[in-house]
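Visitor: Below are the structure tokens for one structure; questions will follow.
The values are calculated or read from the model by the stated rules, or taken from the named source; none is laboratory data. Bear in mind that the values here come from a model prediction, so they are computed numbers and not experimental data. Methodologically, a virtual Cβ is constructed for each residue, glycine included, from the backbone with ideal geometry; neighbour enumeration extends over all protein chains shown. SASA here: full protein model, heavy atoms, side chains in, ligands and nucleic acids out. Shrake-Rupley method; radii C 1.70, N 1.55, O 1.52, S 1.80 Å.
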Amino acid sequence: MASVGLQITAFFIALMAECGAIAATLLPNWKVNADTGANIVTAVIQMQGLWMDCTWYSTGMFSCTVKYSILSLPLYIQTARTTMILCCIISCLGICVSIAGMKCTKLGGSRQTKSNIAFAGGTCFLLAGLLAMISVSWYMKEIISSFLDPSMPEGSKHEPGGAVYVGFISAGMHILAGAVFCASCAKKQREERDSPLAKTPEPATQQAENSSAGYNLQDYV
């Protein structure tokens, strides 16, 4: 029963992680630059994401520019785009697969087959978390390197935005859900292997042994 509860908990964690990965991929605030200037009335907040750059003015105006060109983007942004999209796709696949492998569902066939399917779903979650961690870690490294570069003008320096932290949380939740699914399946297989029922002879074998013993006793009569 504990394993069933862990799988259900891990499944909902994976759902939240998938939503977080999609939100992080679409949000425009991967890095933020706040320029107040000489007057707070003219404050400008510049945000850059994977797909668009947005500018928010203190007057309430908000404008965004979509990044249409792919080859003109830096390598770390192209990598972040690719890895985050793969993360969302693989995580969605893992959710579909894990539904069939969960013990509380009637899909997947036998217990051994469901265990293997659940392990495959956990592997998908681990891979999705690894892809998301690679993208946000590389993006964070580039932001920190640019911020600490003394040759970079102060107005061009950016800080990590909320989307990066959402990506980190999503990656951690993916890894947690995948670890729970894989660990629960491995524990189940170990318990079935070490179970006393697996070591006891089958009833048919016992009946055959008893009948043969009876025939031996009759031979001596």
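Visitor: Within the bounds of the stretch 78-96, is there any residue that is under 15 Å from GLY167 (Cα atoms), in contact (Cβ under 8 Å) with a residue 60 or more places away in the chain, open to solvent by less than 50 Å² (accessible area, probe 1.4 Å) and among the β-branched types (Val, Ile, Thr)?
Guide: There is no residue in the stretch 78-96 that is under 15 Å from GLY167 (Cα atoms), in contact (Cβ under 8 Å) with a residue 60 or more places away in the chain, open to solvent by less than 50 Å² (accessible area, probe 1.4 Å) and among the β-branched types (Val, Ile, Thr).
Visitor: Go through the residues of the stretch 108-126 one by one and say whether even a single one is among the hydrophobic types (A, V, I, L, M, F, W, C), modelled with pLDDT of 85 or more, open to solvent by less than 70 Å² (accessible area, probe 1.4 Å) and over 17 Å from the mean Cα position of the chain (by Cα).
Guide: No, because not a single residue in the stretch 108-126 is among the hydrophobic types (A, V, I, L, M, F, W, C), modelled with pLDDT of 85 or more, open to solvent by less than 70 Å² (accessible area, probe 1.4 Å) and over 17 Å from the mean Cα position of the chain (by Cα).
Listed here are the residues, each with its yes/no results for (1) in a helix (DSSP H, G or I); (2) modelled with pLDDT under 50; (3) within 19 Å of the chain's Cα centre (by Cα).
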| position | (1), (2), (3) |
| --- | --- |
| ILE143 | yes, no, no |
| ALA163 | yes, no, yes |
| ILE175 | yes, no, yes |
| LYS188 | yes, no, no |
| GLN206 | yes, no, no |
| ASN210 | yes, no, no |
| ALA213 | yes, yes, no |
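To keep it simple, each residue is scored yes or no on (1) modelled with pLDDT under 90; (2) among the charged types (D, E, K, R); (3) under 17 Å from VAL180 (Cβ atoms); (4) part of a helix (DSSP H, G or I).
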{"residue": "LEU71", "(1), (2), (3), (4)": "yes, no, no, no"}
{"residue": "MET84", "(1), (2), (3), (4)": "no, no, no, yes"}
{"residue": "CYS88", "(1), (2), (3), (4)": "no, no, no, yes"}
{"residue": "SER91", "(1), (2), (3), (4)": "no, no, yes, yes"}
{"residue": "CYS104", "(1), (2), (3), (4)": "yes, no, yes, no"}
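Visitor: How many of the residues making up the stretch 128-173 are buried (at least 17 other Cβ atoms within 10 Å of the Cβ) and free of Cβ contacts under 8 Å to residues at least 40 places away in the same chain?
Guide: Matching residues across the stretch 128-173 total 2.
Visitor: Looking only at the stretch 32-59, filter to residues that are modelled with pLDDT under 60 and of a type in the set (Ser, Thr, Tyr); which one of those is nearest to ALA132 (Cα to Cα)?
Guide: THR36
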